[in-house]
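Colleague: Quick one: the structure is below, and I'll ask about it shortly.
The values are calculated or read from the model by the stated rules, or taken from the named source; none is laboratory data. For clarity, every value in this text was computed on a predicted model and none was experimentally measured. Quick reminder, even Gly has a Cβ in these numbers, built from the backbone with ideal geometry, and neighbours come from all protein chains shown.
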Amino acid sequence: MRYNRISPPKSISWLVRFFWEFEGDFSSLNPYKQTISASVCPKLAFQYEGGMFLSENGNEIQLFKSGFQSQSNLYSQISAHQKIGVFGAYFHPYALSIIFNLPASNFTNKNIEISELLGNEGRILEEQVLAATNTQQRVRIISRYIEHRLRRSSLEDINLIAAVQSIVMQRGAVNIPNLSDSLFLSQRHLERKFKNLTGFNPKTFARIVRFEECISKAISQCTSLTELTYELGYYDQSHMIKDFKGFSGYSPQNLLREDLSIFFD
């Protein structure tokens, strides 16, 4: 099994956190399984070899060859029983709204095939990426495509983007009334604009950010769950466990037994 991250060009680094590739040779006797927990960050993935499956509510269906795994407050599982090769882009929370000039709420909790969203443009992009012979070519293709889309994008709400970035930097610690005051918006107006940009209202967004930060710190710093409870502003450990079960389907201990290195530092 091989996993690798690639930094994006500076021109799109404010939209793309990183590119990634994942390869493995699996079988029915040695399957790959991965929990996909709630996340504020959408992903775009291309399967250039093999086929992965998505499990939801006990049903296993074949995942699209190329498409978007959108920001979500739900959880699912993916699996593979054969040789696979996947290339993808891991976006910042506001990226899809800006790149495609669409409300992010149109994407929330959805897995969208690229041709379903982009039509013939998506089919051409898929053909180019799947025909590429190495990772560097795939990075160039997607980077050029995003740069091209940005020329058609009407970038608005710079202050709101900065507010989203601030919530992420502060690990979900946000006072909603103070945030709306700082942006000179009513709370109702803030919720509408925030949902258009990220797919979530500010409160839900902040909860998921804190949940993801908790996983990241538990992995990278080997910090105890008790320490994380108070460091990240949970009322108590039962409050943390409730978020873990709601956003991943597992208790913290059970989720952290999985290899979560693909999307967490």
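Conditions (1) surrounded by fewer than 14 Cβ atoms within 10 Å (Cβ to Cβ); (2) closer than 26 Å to R123 by Cα, marked per residue:
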| residue | (1), (2) |
| --- | --- |
| M1 | yes, no |
| R17 | no, yes |
| L29 | yes, no |
| S37 | no, no |
| C41 | no, yes |
| F53 | no, yes |
| I61 | yes, yes |
| Q69 | no, yes |
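Colleague: Ok, one more. Test of understanding: among F64, F100, F107, F53, which residue is farther than 30 Å from S166 by Cβ and in contact (Cβ under 8 Å) with a residue 40 or more places away in the chain?
Modeller: Details: F100 fails: farther than 30 Å from S166 by Cβ; F107 fails: farther than 30 Å from S166 by Cβ; F53 fails: in contact (Cβ under 8 Å) with a residue 40 or more places away in the chain.
Matching residue, one of F64, F100, F107, F53: F64.
Colleague: Shifting gears a bit: Test of understanding: among L179, L160, which residue is under 20 Å from R17 (Cα atoms) and surrounded by 14 or more Cβ atoms within 10 Å (Cβ to Cβ)?
Modeller: Numbers: L179 fails: under 20 Å from R17 (Cα atoms).
Every option except L160 fails the conditions.
Colleague: Additional query: State yes or no: is R171 over 18 Å from L197 (Cα atoms), out of contact with any Gly (no Cβ under 7 Å at 6 or more places or on another chain), surrounded by 12 or more Cβ atoms within 10 Å (Cβ to Cβ) and assigned by TED's automatic domain parsing to the domain that holds E49?
Modeller: Details: over 18 Å from L197 (Cα atoms): yes; out of contact with any Gly (no Cβ under 7 Å at 6 or more places or on another chain): yes; surrounded by 12 or more Cβ atoms within 10 Å (Cβ to Cβ): yes; assigned by TED's automatic domain parsing to the domain that holds E49: no.
When the stated conditions are applied, R171 does not pass them.
Colleague: Hey, another quick one. Run down E258, E227 and say which single residue is surrounded by fewer than 21 Cβ atoms within 10 Å (Cβ to Cβ), touching a residue at least 24 places away in the same chain (Cβ under 8 Å) and acidic (D, E). It would help to see each step written out before you state the result.
Modeller: Values: E227 fails: touching a residue at least 24 places away in the same chain (Cβ under 8 Å).
After ruling out the rest, the residue left standing is E258.
Colleague: Restricting attention to region 224-265, which residues are closer than 22 Å to C41 by Cα and of a type in the set (D, E)?
Modeller: Result: D243, E258, D259, D265.
Colleague: Looking at region 152-265, what helices (runs of 4 or more DSSP H) fall wholly within it and have at least 3 residues that are over 30 Å from P103 (Cβ atoms)?
Modeller: On the way: elements: 158-169, 176-182, 187-198, 202-220, 225-231, 237-248, 252-255.
The qualifying helices (runs of 4 or more DSSP H) are 202-220, 225-231, 237-248, 252-255.
Colleague: Among the residues of region 10-39, write down those that are closer than 26 Å to N196 by Cα and out of contact with any Asp or Glu (no Cβ under 7 Å at 6 or more places or on another chain). Full working, then the answer.
Modeller: If we filter region 10-39 for residues that are closer than 26 Å to N196 by Cα, which is where we start, we get 10-19, 36-39.
Within region 10-39, K10, S13, W14, L15, V16, R17, F18, F19, I36, S37, A38 qualify.
Colleague: Right, next: Scan K217, K203 and give me the residue that is of a type in the set (D, E, K, R) and closer than 28 Å to S55 by Cβ.
Modeller: Working: K203 fails: closer than 28 Å to S55 by Cβ.
The match here is K217.
Colleague: Moving on. Anything in region 164-190 that is among the polar types (S, T, N, Q) and touching a helix residue (DSSP H, G or I) at 6+ places or on another chain (Cβ under 6 Å)? List them, or say none.
Modeller: First, the residues of region 164-190 that are among the polar types (S, T, N, Q): 165-166, 170, 175, 178, 180, 182, 186-187.
Within region 164-190, S180, Q187 qualify.
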